[in-house]
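First, the structure itself, so that you have it in front of you.
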Amino acid sequence: MTWLLYGANGYTGELIAREAVRRGHRPILAGRDAKKIEPLARELGCEGRIFALENIDLHDVDLVLHCAGPFIRTSAPMVDACIKSNAHYLDITGEIGVFESILNRKVDNVTLLPGVGFDVVPTDCLAAMLASRMPDATELRLAFHTPGGELSRGTTKTMLESIGEGGAIRRDGKIVRVPMAYDVREIAFSSGPRMAMTIPWGDVSTAFYTTDIPNIRVYIATHPRAIKRTKLIAPLLPIIGLKPIRRLLQKIADRRSGPNEEQRTAGRVHLWGEVANAHGERVSMTMSTPEGYAFTVVSAVNAVEGVLGSRKPGAFTPAKFFGETFVMKCGAVALDGV
């Protein structure tokens with residue numbers, strides 16, 4: 001079966017392309033920029049295919065792994081093209097709006113599987129594990145800590161795309177917009193306690209579809225000074241989110257390169273999750289994974305292999321499609337405690 005990687009010239013896309021070829025795959029490497037796609041395709045011995053999202057070419061393609069963000073602007077035309085062409089759709093988004101759009105689509109001919117990278121595989125599987133341990137849970141809290149983490153230009157530009165919308169939580173089954181750093185608390189990670197603040201992470205969307213838990217918050221660990229700064233600038237986010245300012249910031253983000261190989265190899269991410277029921281009973285777990293981009297490379301190719309070998313049409317979260325143990329197959333992942 002033939003699959004296509006769109007956005008192969010991006011930071012994460014190229015890493016995935018190299019891992020796929022290392023495993024013996026020969027994906028079609030696609031994107032808009034022939035000057036970047038064609039040399040990479042020649043080097044890796046793959047077909048190169050050049051097209052923009054206004055003229056998508058999926059002939060003879062069974063599956064698309066979409067890696068070109070910001071996904072809020074790029075995913076819809078690719079999803080439509082995949083459904084029309086009977087090609088499965090996967091991506092590495094972490095954007096709430098994209099998840100909500102895709103997971104609410106009704107399809108009977110292909111698999112739609114957004115978020116097969118660090119956004120949101122580890123937290124989605126952790127949420128599923130917690131829900132299986134407390135089936136009557138009504139609240140879910142998830143958090144992660146990335147010591148020394150660095151973002152690629154694509155991830156930074158994607159984050160800037162929705163910066164004016166502020167934060168988000170799920171309350172009584174509905175996504176509610178709240179200020180950034182809406183809730184601040186200390187999290188007991190396996191690496192030690194850390195202060196953390198709520199962020200509009202993808203699990204605000206996906207964890208609901210995975211677990212049916214109606215109240216969800218996601219936190220990122222950061223220094224208390226950073227939390228204070230976030231609260232101070234929160235009222236300015238609608239202004240920062242105006243299109244001219246957002247586009248300027250995204251141009252500045254083009255200068256970022258993402259973590260180098262040493263950082264990807266050495267880095268770890270620490271995760272924590274907790275569920276609670278109406279009686280006040282709680283269950284918590286912690287997990288650690290490889291560095292986020294390193295994890296994404298492995299999990300994305302694993303997901304491609306899993307979907308290519310399956311006939312399971314519909315829209316899914318990673319844990320819904322593969323099960324809660326999928327995360328354990330994505331490198332050196334450890335459940336640190338219960």
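The values are calculated or read from the model by the stated rules, or taken from the named source; none is laboratory data. Since this is a predicted model, take the numbers as computed values, not measurements. Don't worry about glycine lacking a Cβ; one is built from the backbone with ideal geometry, like all the others, and counts go over all protein chains shown. Side chains included, ligands, DNA and RNA excluded: accessible areas come from the protein's heavy atoms. Shrake-Rupley method; radii C 1.70, N 1.55, O 1.52, S 1.80 Å.
Enumerate the pairs (first residue in the stretch 257-279 and charged (D, E, K, R); second residue anywhere and assigned to a helix (DSSP H, G or I) and open to solvent by 50 Å² or more (accessible area, probe 1.4 Å)) with beta-carbon separation below 6 Å, excluding pairs fewer than 6 apart on the same chain, so at least 6 apart or on different chains.
none
Same structure, new question: Of all residues in the stretch 120-151, which are modelled with pLDDT of 95 or more and hydroxyl-bearing (Ser, Thr, Tyr)?
123, 132, 138
Moving to a separate point now. Within the stretch 59-105, which residues are closer than 19 Å to residue 311 by Cβ and touching a Cys at 6+ places or on another chain (Cβ under 9 Å)?
61, 63, 64, 88, 89
Kindly list, by first and then second residue, each pair from a residue in the stretch 9-20 that is without any contact (Cβ under 8 Å) to a residue 60 or more places away in the chain to a residue that is open to solvent by 40 Å² or more (accessible area, probe 1.4 Å) and among the charged types (D, E, K, R), limited to pairs with Cβ atoms under 6 Å and residues at least 6 apart or on different chains.
9/33; 9/36
Take the residues in the stretch 306-319 that are surrounded by fewer than 19 Cβ atoms within 10 Å (Cβ to Cβ) and in contact (Cβ under 8 Å) with a residue 24 or more places away in the chain, then tell me which one is farthest from residue 130 (Cα to Cα).
Within the stretch 306-319, the match that is farthest from residue 130 (Cα to Cα) is 308.
For residues that are under 28 Å from residue 138 (Cα atoms) and open to solvent by less than 30 Å² (accessible area, probe 1.4 Å), scanning just the stretch 159-179, find the one that is modelled with the lowest pLDDT.
Per the criteria, the residue is 166.
Are any of the residues in the stretch 27-39 among the acidic types (Asp, Glu) and closer than 19 Å to residue 307 by Cβ?
No.
Hey, can you tell me all the residues within the stretch 180-214 that are open to solvent by 30 Å² or more (accessible area, probe 1.4 Å), among the charged types (D, E, K, R) and touching a residue at least 40 places away in the same chain (Cβ under 8 Å)?
Of everything in the stretch 180-214, those that are open to solvent by 30 Å² or more (accessible area, probe 1.4 Å), among the charged types (D, E, K, R) and touching a residue at least 40 places away in the same chain (Cβ under 8 Å) turn out to be 194, 212.
Something else about it: Within the stretch 24-41, can one find any residue that is surrounded by fewer than 17 Cβ atoms within 10 Å (Cβ to Cβ), β-branched (Val, Ile, Thr), closer than 30 Å to residue 122 by Cβ and out of contact with any His (no Cβ under 6 Å at 6 or more places or on another chain)?
Within the stretch 24-41, not a single residue is surrounded by fewer than 17 Cβ atoms within 10 Å (Cβ to Cβ), β-branched (Val, Ile, Thr), closer than 30 Å to residue 122 by Cβ and out of contact with any His (no Cβ under 6 Å at 6 or more places or on another chain).
Table: residues versus (1) farther than 16 Å from residue 302 by Cβ; (2) under 17 Å from the mean Cα position of the chain (by Cα).
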residue	(1), (2)
10	yes, yes
15	no, yes
23	no, no
42	yes, no
49	yes, no
57	yes, no
89	yes, yes
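Which of the strands (runs of 3 or more DSSP E) contained wholly in the stretch 264-338 include at least 1 residues that are over 27 Å from residue 80 (Cβ atoms) and under 19 Å from the mean Cα position of the chain (by Cα)?
Here the list reads 268-277, 282-290.
Considering the stretch 24-49 alone, what residues qualify as being of a type in the set (A, V, I, L, M) and in contact with a Gly (Cβ under 7 Å, 6 or more places away or on another chain)?
From the stretch 24-49, those of a type in the set (A, V, I, L, M) are 28-30, 34, 37, 40-41, 44; that's our starting set.
Once the filter is applied, which keeps residues that are of a type in the set (A, V, I, L, M) and in contact with a Gly (Cβ under 7 Å, 6 or more places away or on another chain), the stretch 24-49 yields 29, 37, 41.
A quick yes/no check of all residues on (1) open to solvent by less than 30 Å² (accessible area, probe 1.4 Å); (2) not basic (Lys, Arg):
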{"site": "61", "(1), (2)": "yes, yes"}
{"site": "72", "(1), (2)": "no, yes"}
{"site": "94", "(1), (2)": "yes, yes"}
{"site": "98", "(1), (2)": "yes, yes"}
{"site": "102", "(1), (2)": "yes, yes"}
{"site": "106", "(1), (2)": "no, no"}
